[in-house]
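The values are calculated or read from the model by the stated rules, or taken from the named source; none is laboratory data. It should be emphasised that the depicted structure is a prediction, and the values quoted were computed from it without experimental measurement. We place every Cβ from the backbone using ideal geometry, glycine too, and count neighbours over all the protein chains shown. Ligands, DNA and RNA are excluded from the accessible area calculation, which covers all protein heavy atoms including side chains. Shrake-Rupley method; radii C 1.70, N 1.55, O 1.52, S 1.80 Å.
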Amino acid sequence: MPDSQCLARYASALEFAETQVAQLAERHPGYFPIYTKDGKWLHEGELWTDWTGGFCAGMMWQFHRRTGDAEWRRRAEEYSKLLEHRQHDRNVHDLGFIFLNTYLPWYELTGEQHLHDVLIQAGRTLAKRFREKGQYLCSFIGPESLFIDIMMNVPLIFYAGNETHGPELLRVAHAHCQRTAERIVREDGSTAHEGVFDTQTGEFLRQSTHQGKSADSAWARGLAWSLYGYSKCYRLTGDESYLAVSERNADYWLRRLPEDKVPFWDFDADLSQPPPLGAQKESSAGAIAASGLLDLATQTHSPEKAKAYRDTALATLDALTEPDYLAIDTPGWEGILKHGVYHTTKNLGVDESVMWGEFFFVEALTKVVSEKETR
Ligand code: GLY
């Protein structure tokens, strides 16, 4: 257990998070920013791809679930409804990020049929990205491309398959997980960002990257997506091979983390060089992995690993709740967590707050604080 001083710090970080999100909702109603520029949420600017709406609305659901506050529920419903049309969006591979963090908590709270219908439709839409030749869900880049990020979205297809007893959805989801594990999760537990396939034959061609340092490096956020994604897939399927992949990712993560347990943007970055290509921290990857490790600690069959995963998650949260990362003492900063990175080579949201970093930080803190409250 974290000591009571840490728990108090986590609770006050959550209160700060509520303040920041409330201010965003008041100043810019119905707006879904993706990253800050000099600490201010950016209103224009390149999205690269439109994948992050579920994180802002998802935080509102997290706040409501923890506090029971009616205003957070009202806001959560309002922001979730703005995303409903995305259930048919065939341009992105991110429908899990959008719907599992919004319509799923909403449905779990109310049991309303319409919310369930939206979730199932979103799962079916995502499954249409499946390439029979190659056996993977393709990324928004094109039919030849498989991203590690999709591991956090494929749980939506498992969910829809389980709920509808749909063997076709489950086939597609399992095939994608297996192909990803074979082609872009490496033996040592690290991951490539992308796998590229021949669309005519389905043959695997090479590992590649968009957001990492190089094709053969270990981009920190991609590894966090894999660790957490396979753990979610294990929870939904009971397939032990997914637990094994998640543990392999986690063991690599633990071996290579720096002392403060917050990763640099790429595990193979040259730390003798300055940011952004060198020693640039990536707080969002730390937050995602902390949330994933908390779950994995409850899933692994090894008591030693369970302790190591949980201790690492808490050490990361301890670091992220210090004012070096938490923007609590940074006047005028509109985000919650500083030192996140979106896209280094495109210079989008580098050393800034990023909306998924905010969400997974809130999610991880909420897991620990709520655990204590329900004891
Ligand atoms: N493309 C998803 C990410 O930036 O992690």
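Taking loop as defined by DSSP and a crowding limit of 14 other beta carbons within 10 Å, which GluC sites (Glu not before Pro) in region 126-209 fit? Before the final figure, lay out the partial values.
On the way: sites: 132, 144, 163, 168, 182, 187, 194, 203; in loops: 132, 144, 187, 203.
Passing both the DSSP loop test and the Cβ count: 132, 187, 203.
Label separation (residue 90 vs residue 251): 4.2 nm, computed from points 7 Å beyond Cα along the C-beta direction.
Between residue 164 and residue 15, residue separation times 0.36 nm minus the direct Cα-Cα distance comes to 49.8 nm. For the residue pairs 261/367; 133/305; 232/281, the C-alpha atoms sit more than 29 angstrom apart in 133/305.
Computed from the Cα positions only, the extents of region 15-55 along the three principal axes stand at 31, 23, 16 Å, in decreasing order.
Extension gain for the segment residue 203 to residue 133, taken as residue separation times 0.36 nm less the Cα-Cα distance, is 24.4 nm to one decimal. Per-peptide packing, taken as the mean over residues of other Cβ atoms within 10 Å, places 28-40, 309-321, 76-88, 356-368 in the sequence 356-368, 309-321, 76-88, 28-40 from highest down. Since only 287, 148, 241 are under comparison, the one whose Cα sits farthest along the positive direction of the charge dipole of the chain, derived from C-beta charges on Lys, Arg, Asp and Glu, is 241.
Let me know the shape class of region 244-375, please: from the alpha-carbon gyration tensor, a ≥ b ≥ c as square roots of the eigenvalues, rounded when a/c is under 1.5, otherwise prolate if a/b is greater than b/c, or oblate. Oblate shape, in that a/c is at least 1.5 and b/c is the bigger or equal ratio.
The H on the amide N of residue 326, modeled in the peptide plane, is under 5 Å from the matching H of 338, each at least 5 residues off or on a different chain.
As a fraction of the 1.4 Å probe accessible area of the chain, surface on carbon and sulfur atoms comes out at 49 percent. A simple spin-label model places pseudo-atoms 7 Å from Cα toward Cβ; at residue 46 and residue 27 they are separated by 2.5 nm. Surface analysis of region 232-358 yields an accessible area of 37 Å² per residue, using protein heavy atoms and a 1.4 Å probe. Please state the shape class of the chain: rounded when a/c is under 1.5, otherwise prolate if a/b exceeds b/c and oblate if not, all from the C-alpha gyration tensor. The shape class here is rounded.
Net charge dipole, region 59-137: roughly 360 debye, given to the nearest 20, about the Cα centre with Cβ charges of +1 for Lys and Arg and -1 for Asp and Glu. Look at the Cα gyration tensor of region 29-105: its axes a ≥ b ≥ c give a/c of at least 1.5 with a/b at or below b/c, and that counts as oblate.
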